[in-house]
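Novice: Okay, handing you the structure first.
Derivation of every value follows stated rules applied to the coordinates shown; laboratory data play no part. Since we're looking at a predicted model, the values are computed, not measured. Cβ placement follows ideal geometry from the backbone for every residue including glycine, while neighbour counts extend to all protein chains displayed.
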Amino acid sequence: MAAARYRRLNLLLQQTATRTDGFLAHLNRVLATSAGVEAVLCTLCYTLYFVHSRLTRLLEKRYERLALALATKAASALFPGETFTASIEPPRSRLSELCASTKSLADLVDDFRFFTRLWRLVTIYSWARDNYTSPPGDAALKILVWAQVGVSSVFQFLENGAYLASKGILRGERWEARQARWFVLSNRFWLAHTVLEGLRLLRVRQLRYNEDFGAKTADEDSNVKAEGEVRVQSEELKRKWHSDFYANAGWLPLTLHWSFEDNAVIPISETWIGLFGMLPGIVMLRDVWEQTREA
């Protein structure tokens, strides 16, 4: 009996070790790519913001109960009609420390994501170059992609300037005055990119997913094999279309929220910021995870 339990335990440990090894090896392949790093950081960042919002809510409820208990005790010592006001410092607790740590980690990850975008203008140049050498066959898509290249370039330039000014690298009164304004303007261009991406996706769907990423049309070859290839290729593009659509839908409310100096114009709580941001992060992470899967 003991020997059988030992064998089962040994088998379970071996299976766990094998699965853990496979997971870590796969994660290493994901983190070896820039897209994988961005997907992991994006998902982690907005997950932390969501967790922080929930922890903050729990902490607020705990403080409310504490304040109510203090008020109840104080009321018993007062004469009828007598009132008093008091200000107390919130007590430190494990929950408050965890809440602060979560927010600090989320801000750190977010700051690192800003830093890694400093050289994204080079990526945008490569995107523009590819679009120039191999443009989409559809005229509408060509215009939309070039418009995206333009607004993305302005967005990244403004964000880089604002970020470097916030870190004290670009110094002077003029940069201090520009910093907040440039962050807002950069988000407006990000919003424009998001809208253009939505239009591009609608056009791709209108073309039945054939006019995108070099997909062929059935007219290029009339034999059965070619038609089968077109169908399979279009199905792959259709799945990618849905992924891109959900990711873009997640960014839209966030870019609207951040496009105003007064965020109360488009109010979004930290909980919803976390949820909306997690959506594109999870989509990106799933795509990279599939791309790095071993054959």
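Novice: Using modelled amide H (1.01 Å from N, peptide plane; none on Pro or chain starts), what sits under 5 Å from the amide H of residue 260, excluding residues fewer than 5 places away?
Specialist: none
Novice: What's the extension gain from residue 271 to residue 12 if we count 0.36 nm per residue and subtract their Cα-Cα distance?
Specialist: Length difference between fully extended and current span is 89.4 nm.
Novice: List, in order, the whole-Hz ³J(HN,Hα) value for each residue of segment 40-52 obtained from phi through the Karplus relation with A = 6.51, B = -1.76, C = 1.60 and θ = phi - 60°; use x for Gly and Pro.
Specialist: With coefficients 6.51, -1.76 and 1.60, one gets 5, 5, 5, 4, 5, 4, 6, 5, 5, 5, 5, 4, 4 Hz.
Novice: May I ask you to derive the FRET efficiency for residue 252 and residue 100 from their Cβ-Cβ distance with R0 = 41 Å, giving the value to the nearest 0.05? If you can, show how the numbers build up before the last one.
Specialist: On the way: r = 31 Å, r/R0 = 0.75.
Working from the Cβ atoms, E equals 0.85.
Novice: Got a sec to turn the phi values of segment 100-106 into Karplus ³J(HN,Hα) couplings, 6.51 cos²θ - 1.76 cosθ + 1.60 with θ = phi - 60°, whole Hz, x for Gly and Pro?
Specialist: For segment 100-106, the Karplus curve yields 5, 5, 4, 5, 5, 5, 4 Hz.
Novice: What ³J(HN,Hα) values, in whole Hz, does the Karplus curve 6.51 cos²θ - 1.76 cosθ + 1.60 give for segment 111-117 when θ = phi - 60°, with x put for Gly and Pro?
Specialist: Using θ = phi - 60°, the values come out as 5, 5, 5, 4, 4, 5, 8 Hz.
Novice: I need the peptides 10-19, 198-207 ranked by packing, meaning the mean over residues of other C-beta atoms within 10 angstrom, with the highest value on top.
Specialist: The densest-packed peptide leads the list: 198-207, 10-19.
Novice: Something else now. Specify the inter-centroid distance of segment 142-211 and segment 6-66, based on alpha-carbon positions, in whole Å.
Specialist: The two parts, judged by their Cα centres, are 31 Å apart.
Novice: Follow-up question, since we're still on this one. Provide the gained length on full extension for the span residue 294 to residue 111, in nm with one decimal, where the gain is 0.36 nm per separating residue minus the Cα-Cα distance. If you can, show how the numbers build up before the last one.
Specialist: Details: separation 183, 0.36 × 183 = 65.88 nm, distance 3.22 nm.
Gain on extension, residue 294 to residue 111, equals 62.7 nm.
Novice: For each of 6, 46, count neighbouring Cβ atoms within 10 Å of the residue's Cβ, then give the residues from fewest to most.
Specialist: So the residues, fewest neighbours to most, are 6, 46.
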